[in-house]
Amino acid sequence: MTEINETAWLWAAKGTGAVAGSAVSLAYILPGGRREAALRFAAGVVCGLVFGGTAGLKIATELGIASTIGSFETMLMGSAAASLCTWWALGFLARAFERGGWAWPKERRESDGR
């Protein structure tokens, strides 16, 4: 039998956490259609894979459990959290830019007819 090395387990934890976080995100805030659901799921998985390690380390450090839990749990927790938070952050930015309050200074909006 071949053994799975630690790197493969960490990637598996990242992937599992990212998929779980995206699934919870879809269930918590229902998408408007299939396209939006697919885009939200994909963005959540990518952010979970990219930022999972850093987020997990930060969460574990802030909670004071960094020395208690292993690297697998840290990656799983961080990927799920990063994936779940992706749509909260993007939703906040989308609403802010929709209103136009942060996109351009007031003088520029008025001069351009915005």
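The values are calculated or read from the model by the stated rules, or taken from the named source; none is laboratory data. These figures come from a predicted structure and were not determined experimentally. All Cβ positions, glycine included, derive from the backbone under ideal geometry; neighbour counts span all protein chains shown.
Tell me yes or no: at least one residue of region 40-63 is at pLDDT below 90 and not hydroxyl-bearing (Ser, Thr, Tyr). Among the residues of region 40-63, at least one is at pLDDT below 90 and not hydroxyl-bearing (Ser, Thr, Tyr), which makes the answer yes. Do you know which residues across region 1-40 are more than 13 Å from TRP87 (Cα to Cα), surrounded by fewer than 16 Cβ atoms within 10 Å (Cβ to Cβ) and touching a residue at least 40 places away in the same chain (Cβ under 8 Å)? Hits for region 1-40 are GLU6, TRP9. Taking the numbered list (1) assigned to a helix (DSSP H, G or I); (2) touching a Ser or Thr at 6+ places or on another chain (Cβ under 8 Å) in turn, PHE72 passes all entries but (2). May I ask you to verify whether LEU26 is assigned to a helix (DSSP H, G or I) and modelled with pLDDT under 90? Taking the combined requirement at face value, the residue satisfies it. Residues in region 57-80 that are out of contact with any Lys or Arg (no Cβ under 9 Å at 6 or more places or on another chain), closer than 16 Å to VAL19 by Cα and of a type outside the set (Asp, Glu): PHE72, THR74, MET77, ALA80.
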